[in-house]
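Below is one structure, written out as structure tokens; comments come after it.
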Amino acid sequence: MRILKQLLDFYINSSLHVALSVFALVKMTALLFSISSIEPCTFFAFFGTIVGYNFVKYYAVARAQKRQMRSQLKAITLLSLGSFIATAYYFLQLTQKTKIIALIFLLLTLLYTLPFFPNRRNARNWAGVKIYIVALCWVGVTLFLPIINANIPLTTSVGLVAMQRFILIFVLILIFEIIDLKLDDPHLKTVPQQIGVVPTKIVGSLLLLLFVVMEFLETNFKYSTVFLKLGIALTVLLFLLFAHEKRSKYYTSLWVESVPLFWWLLLILLRAK
């Protein structure tokens, strides 16, 4: 059991799980917009997520513990280096326009992590900004990169999917912010810090309602798709309502982050019928 727990912890701590969620959303974009050649974007997003998330999480730790890095951190560093090489390889396979968009999101990640201005904190510590940067990066990498790489026009349908995906990621991050309320620096001014836990859950619930209602704005909407979005919204709603500061780290890092995977698998089953 101890070995299994260590493997699970490595799987989560190394950002493999969150990378699979990003992978699932890119694959979902391919299904929604009938993109056949999706591999470069899919693996660029997967390996890039490992690099980006591990850089954000462990940059400061690695600098402070150069001579005494724990074995797990060393393994994560090796995984991140390998992922960086893979990211570079798949980056070269993207179209020129897609490369430019990818570099923009890379700059956002760096801005999120590194202090570019003297006597200034990084964007991660800018009051109230974190949640928007993370949600924007997720939408950009999982939706706009594959769309642009496939030369698909940015129609109102793409915009609708982008808004729905942004809302879902935003609410998922709200759950993380509720769980981490005691750990987060008060200067971060996360949503629960600013308005409280109960109002945050109300805001998240209203956003999930909007997430479902927006499906009816689609010109060729199907009731099966509406029911799928409703099922996803209800799942996230339950996670949101039962979120509190004493929850285990697995509540968010394993189960909440599984929502995109769950959504993708349901979409595959729906399309198979």
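The values are calculated or read from the model by the stated rules, or taken from the named source; none is laboratory data. Source: prediction; values computed, not measured. Because the Cβ atoms are built from the backbone with ideal geometry, glycine has one as well, and the counts that use them run over all protein chains shown. The protein model used for the area step is the full one, side chains on, heavy atoms only, and it has no ligands, DNA or RNA in it. Shrake-Rupley method; radii C 1.70, N 1.55, O 1.52, S 1.80 Å.
Quick notes
- Close amide H partners of PHE221, meaning residues 5 or more places away or on another chain with modelled amide H under 5 Å apart, do not exist here.
- Separation of region 163-228 from region 1-61 is 21 Å, based on Cα centroids.
- DSSP H segments from the chain that extend 15 Å or more along their own axis, Cα-based, with Kyte-Doolittle mean of 0.5 or above: 16-32, 39-64, 71-91, 96-113, 156-179, 197-213, 223-241, 259-272
- The local environment of LYS229, defined by Cβ-Cβ distances under 14 Å, has a net charge of 0 under the rule Lys, Arg +1 and Asp, Glu -1.
- When the solvent-accessible area of the chain is split by element, carbon and sulfur atoms take up 69 percent of it, the probe being 1.4 Å.
- Per residue solvent-accessible surface (Å²) - the chain, probe of 1.4 Å: 54
- Measuring with a 1.4 angstrom probe and ignoring ligands and nucleic acids, GLU39 comes out at about 80 Å² accessible.
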